[in-house]
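Beneath this line is the structure, given in structure tokens, with notes to follow.
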Amino acid sequence: MSEPLSLLPQSNVQPRLRRRFPRLRRSALWRRLLRWRQLDFEFASWQMLYLLVSPRHVYRNIYYHKQTKNQWARDDPAFMLIQVLGIMLATLAYSVLGGVGVHGFVKALVQLLLVNYMAVG
């Protein structure tokens with residue numbers, strides 16, 4: 001029996017990025033990181049401020065999110081971007097005030113972001 005014909009055009013050509021990194025295309029985090037207009041920096045900064053001032057409000061908000069969407073994680077990676085920016089600024093301040101130079105800045109940044117932030121925690 002032959003395959004049914006599709007009304008949609010068929011193409012075997014894939015972009016170079018999809019062939020090299022098939023998981024990158026599937027990851028919702030990477031898709032959302034590339035859409036800057038949809039990142040909610042206001043809500044992420046509200047959460048960061050209230051984690052310092054009143055953590056109960058943030059917990060309550062996250063708990064309501066869990067009840068409505070049945071997931072604990074945020075859909076928006078803006079919180080992570082603000083954290084990474086803060087780590088980069090703190091590392092820059094450390095390297096300037098400590099006088100460690102560019103090599104020390106890059107070494108500390110790699111240590112903080114890749115090892116401490118991504119791998120461990």
Checklist line | Fully extended contour minus Cα-Cα distance, from Ala119 to Met48, at 0.36 nm per residue | finding: 23.4 nm
Notebook entry, point to check: Roughly how big is the stretch 28-117's charge dipole about its Cα centre, with Cβ charges of +1 (Lys, Arg) and -1 (Asp, Glu), in debye to the nearest 20?
Noted result: 280 debye
Notebook entry, point to check: Long-range amide H contacts for Asp76: which residues qualify at under 5 Å (H placed 1.01 Å from N, peptide plane, sequence gap of 5 or more or a different chain)?
Noted result: none
Next item on the list: Kindly rank 108-118, 50-60 from highest to lowest mean number of other beta carbons found within 10 Å of each residue.
Entry: 108-118, 50-60
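Every read-out reported here was derived from the displayed coordinates using simple, explicitly stated rules and does not represent laboratory data. Source: prediction; values computed, not measured. Please note: Cβ atoms are built from the backbone with ideal geometry, for glycine as well, and neighbour counts cover all protein chains shown.
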